[in-house]
Amino acid sequence: KAGVTQTPRYLIKTRGQQVTLSCSPISGHRSVSWYQQTPGQGLQFLFEYFSETQRNKGNFPGRFSGRQFSNSRSEMNVSTLELGDSALYLCASSLGGSSGELFFGEGSRLTVL
Amino acid sequence: AQSVSQHNHHVILSEAASLELGCNYSYGGTVNLFWYVQYPGQHLQLLLKYFSGDPLVKGIKGFEAEFIKSKFSFNLRKPSVQWSDTAEYFCAVQNAGGTSYGKLTFGQGTILTVHP
């Protein structure tokens with residue numbers, strides 16, 4: 001079956017702009033999580049959505065937000081971009097239990113100039 | 001708060017050498033443990049996982065890991081590495097007893113380079 005699909009794969013923005021990233025989970029998976037990966041900080045958890053509700057949230061400023069649609073697809077948005085937001089943003093899906101294995105997409109690489 | 005420490009940032013081996021990558025975590029509760037691998041240009045893939053039971057778990061491609069609860073460790077091993085094992089390896093911990101809801105705490109990763 002198809003894996004986790006993220007779009008766009010690459011994008012370049014300038015400071016102050018906003019960006020929206022999209023994630024389609026594996027068919028049947030109802031949970032979508034988002035992670036930020038940078039060389040300095042590694043992989044850090046942003047938030048998780050299940051049935052259109054945010055159930056968990058990491059320690060990121062309010063500029064980072066997300067949502068999930070009824071078909072389980074998810075988007076994350078970063079407003080007022082800063083240079084430090086340059087990163088690989090990873091989406092992961094799972095069946096949605098309180099714990100368990102995550103399946104990752106290839107990521108969206110954001111460069112902020 | 002949970003934290004995960006991977007002992008080595010970069011490991012360089014020759015083919016057929018044995019591999020052991022260290023991983024220690026700090027968390028007092030029940031945990032699920034994972035090793036993920038990221039091959040160049042590819043997405044994170046699960047190598048193996050431990051939820052409960054036998055602390056020696058076997059994964060794909062000949063990898064195995066041992067959970068030692070008293071040492072808060074989950075070291076990854078492979079008896080004989082191949083050039084194709086060149087990748088970055090991540091150890092991750094999840095709160096099993098509560099509501100982790102999609103949250104894994106990752107180590108900083110270990111880059112493995114295998115020379116032919």
Evaluate peptide B:100-113: per residue, the Cβ atoms of other protein chains within 10 Å of its Cβ; return the mean as an integer. 6
Given q = 0.16, 0.18, 0.24 Å⁻¹, what are the Debye log10 I(q)/I(0) values for chain A, with equal point scatterers placed on the Cα positions and solvent ignored? -0.66, -0.83, -1.43
Lys/Arg Cβ at +1, Asp/Glu Cβ at -1, dipole of chain B taken about the Cα centre: which of B:30, B:68, B:50 is farthest positive-ward? B:30
Mean projection of the alpha-carbon convex hull of region A:1-66 over all orientations, in nm²? 5.6 nm²
Could you pull out every one of the lysines with an alpha carbon less than 24 Å from that of residue B:78, ignoring same-chain neighbours closer than 8 positions? B:49, B:58, B:61, B:69
Give the calculated FRET efficiency between residue A:57 and residue B:113 to the nearest 0.05, with a Förster radius of 41 Å applied to their Cβ-Cβ distance. 0.70
The Cα extents of the protein assembly as shown along the principal axes, largest first and rounded to whole Å, are 48, 38, 35
Between residue B:56 and residue A:2, what is the FRET efficiency for a Förster distance of 30 Å, r being their Cβ-Cβ separation, to the nearest 0.05? 0.35
Can you give the Rg to Rh ratio for region B:1-77, taking only C-alpha atoms and Rh from Kirkwood? 0.96
Per principal axis, largest first, the Cα atoms of region A:52-113 extend in Å by 38, 23, 22
Looking at region B:53-116 from every direction and averaging, what is the projected area of its Cα convex hull in nm²? 5.6 nm²
Using +1 at the Cβ of each Lys and Arg and -1 at the Cβ of each Asp and Glu in chain A, identify which of A:93, A:36, A:51 lies farthest towards the dipole's positive end. A:51
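Throughout, read-outs are computed from the coordinates displayed, never taken from laboratory work. It should be emphasised that the depicted structure is a prediction, and the values quoted were computed from it without experimental measurement. Please note: Cβ atoms are built from the backbone with ideal geometry, for glycine as well, and neighbour counts cover all protein chains shown.
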